[in-house]
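Working notes, structure below.
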Amino acid sequence: MKVLTMSLIFLATGLIIGGTMWGLLAWTLVGWAKVLFGLGGLLIATLVNFYLFWKLWPHRAFDDDDD
């Protein structure tokens, strides 16, 4: 499951950031819109990575040992 998660995180990041870069280069935006668009793409990629990590990465079970 770890290999699948790492692959999805790698591909999702590449596609989202690649799409953001394509949008920045293809569309004629003013300076502040480019900054917002770039930060938005970075934020979306980060949130997608956190979601994939949280849902797919195997977590240890927490033991309720009172020592």
Label point 7 Å beyond Cα of Tyr51 along Cβ direction - residues of segment 8-31 with amide nitrogen under 14 Å: 9, 12-13, 16
Among Leu43, Thr20, Thr5 - extreme Cα towards positive end, dipole of the chain, charges at beta-carbon: Thr20
At most 15 other Cβ within 10 Å, DSSP loop - trypsin sites (Lys or Arg not before Pro), segment 6-67: Arg60
Carbon/sulfur fraction of accessible area - the chain, other protein chains in place, 1.4 Å, %: 72
Crossing angle, helix 31-56 versus the chain [Cα axis fit, 0-90 degrees, rounded to tens]: 20
Projected-area mean, the chain, by convex hull of Cα positions, square nanometres: 6.4
Å² per residue, accessible surface of the chain at 1.4 Å: 85
222 nm mean residue ellipticity, helices alone, for the chain (DSSP H n ≥ 4; -39,500 (n - 2.57); rounded to 500): -27000 deg cm²/dmol
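The values are calculated or read from the model by the stated rules, or taken from the named source; none is laboratory data. These figures come from a predicted structure and were not determined experimentally. Quick reminder, even Gly has a Cβ in these numbers, built from the backbone with ideal geometry, and neighbours come from all protein chains shown. To get the accessible areas, we keep the full protein, side chains included, count just its heavy atoms, and leave off ligands, DNA and RNA. Shrake-Rupley method; radii C 1.70, N 1.55, O 1.52, S 1.80 Å.
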